[in-house]
Amino acid sequence: MLSLEKMVPRTITSANYITSVNGMLHPTRTMTEHDFLYILDGTWEVIEEGIPYELQTDDLLILCAGRYHTGVRLCNPGNRHMYFHVLPTEGEQSRKTCMDKMEATKTSEDSRFLRSHTLIHCQKEPKIRQYFHELISAYWGGDAQREDRLTLLFNLILCELASLQEETAGGAGSNSMLERVRQKIYSNPQVFFSAPEMAAEFYICPRTLNNRFRASCNQTFSAYQMDLKLEMVREFLSHQPDAKLHEAAVNFGFYDEFHLSKTFKKKYGYPPSKLRGSIDKKGTLD
């Protein structure tokens, strides 16, 4: 395992795409930077500190700064991969968080650090590949926000790696699907989806959909959707106090303002009309 500090400025020292027409060995070296290597197409074996890692398409290998790595076998002819090198942070260096022998408790109790495997299978998380592409593009770009973009994209990659690790550790294999269901709800706020139609879209049965929501959120799909819609309504009316209740009902998929008002009051203990004129400068209720 290695540890990477989250949400801090980063220095990317190199980034590029490589196509190996005839096959190539991974360089033998000990680097001062972390080496992030992503296989776009093909296979490759890389050895770090005597441990061989077999990479296939959409695998990510993170070679830690200060560790010796090499290759003894050529990658396949036509292999396509992308990489970037990033300097360790002061936090990583001072705490030696990349060393395998470090006490696990020191990082597991510190939410600033992501504990990660060296080899990560990213086939189920396409955002990692996407952010990798964007990071390389930003590296070669010349705009004034270049360094900020690189830091942001690197930290987005860490966020996706954290989500992927949580999903793998959970063993359910459903987090990615649930995120896509949630995205469907977020992007269509005016629609109330039934459990059968949502389940059919993701090729599962309604019972499975509900079971996965219970395991993740302690709610059925319908209960989760209703709570989310009501939160959306509350935020909408908080920022649009002059909006008519009928408009809020239409925007968020309720039958009418009476249905919305009744459901809203049942959840929050006050009617949505109380939001009108009762928001202080910080956007909270009096």
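The values are calculated or read from the model by the stated rules, or taken from the named source; none is laboratory data. Predicted model only: the values in this text are computed from it and were never measured. Every residue, glycine among them, receives a Cβ derived from its backbone with ideal geometry; neighbour counts consider all protein chains shown. Remember, those area values only see protein heavy atoms, side chains included, never the ligands or the DNA or RNA. Shrake-Rupley method; radii C 1.70, N 1.55, O 1.52, S 1.80 Å.
Below are the figures for this structure:
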item	result
Neighbourhood net charge (13 Å Cβ-Cβ; Lys/Arg +1, Asp/Glu -1) for Q56	-4
Accessible surface of the chain, 1.4 Å probe, proportion on carbon and sulfur as whole %	52
Residue-averaged 222 nm ellipticity for the chain, from DSSP H runs of 4+ at -39500 (n - 2.57), nearest 500	-13000 deg cm²/dmol
Hits among aspartates and glutamates - C-alpha to C-alpha of K262 under 14 Å, sequence gap 8 or more where chains match	D227
GNM flexibility winner over the chain from L119, L275, L87 (Cα, springs under 10 Å)	L275
Degrees between helix 206-217 axis and first principal axis of the chain (Cα, 0 to 90, nearest 10)	80
Rounded to whole Hz, the Karplus (6.51, -1.76, 1.60) HN-Hα couplings of region 5-16, x for glycine and proline	6, 9, 6, 10, x, 10, 10, 8, 9, 6, 6, 5
Radius, Kirkwood style, for region 197-236 when every pair of distinct Cα atoms is counted (Å)	10.7
Average accessible area per residue (Å²) across region 1-69 - probe 1.4 Å, nucleic acids and ligands excluded	42
Max mean-square fluctuation residue, GNM over the chain, Cα-Cα springs under 10 Å, options Q240, Q123, Q190	Q240
GNM top mover of I120, I62, I18 - the chain, alpha-carbon springs below 10 Å	I18
Reachable aspartates and glutamates, given that their alpha-carbon falls under 20 Å from the alpha-carbon of K244 and they are not under 8 places away in the same chain	E231, E235, D256, E257, D280
Reciprocal mean inverse distance between Cα atoms of the chain - Kirkwood radius, Å	22.3
Under 5 Å, built H, 5+ apart or other chain: amide partners of T43	N76
Acute angle (nearest 10 degrees) that the helix 175-186 long axis makes with the longest principal axis of the chain, alpha-carbon atoms	40
Phi to ³J(HN,Hα) by Karplus 6.51 cos²θ - 1.76 cosθ + 1.60 over region 195-201, Hz, x for Gly, Pro	4, x, 6, 5, 4, 4, 5
Sequence of T11, T118 when ordered by accessible area, the most exposed leading, probe 1.4 angstrom	T11, T118
3J(HN,Hα) from dihedral phi, region 238-247, Karplus parametrisation 6.51/-1.76/1.60, rounded to Hz, x for glycine, proline	5, 9, 10, x, 8, 5, 6, 5, 4, 5
Using alpha-carbon coordinates, inclination of helix 146-170 to the longest axis of the chain, degrees	80
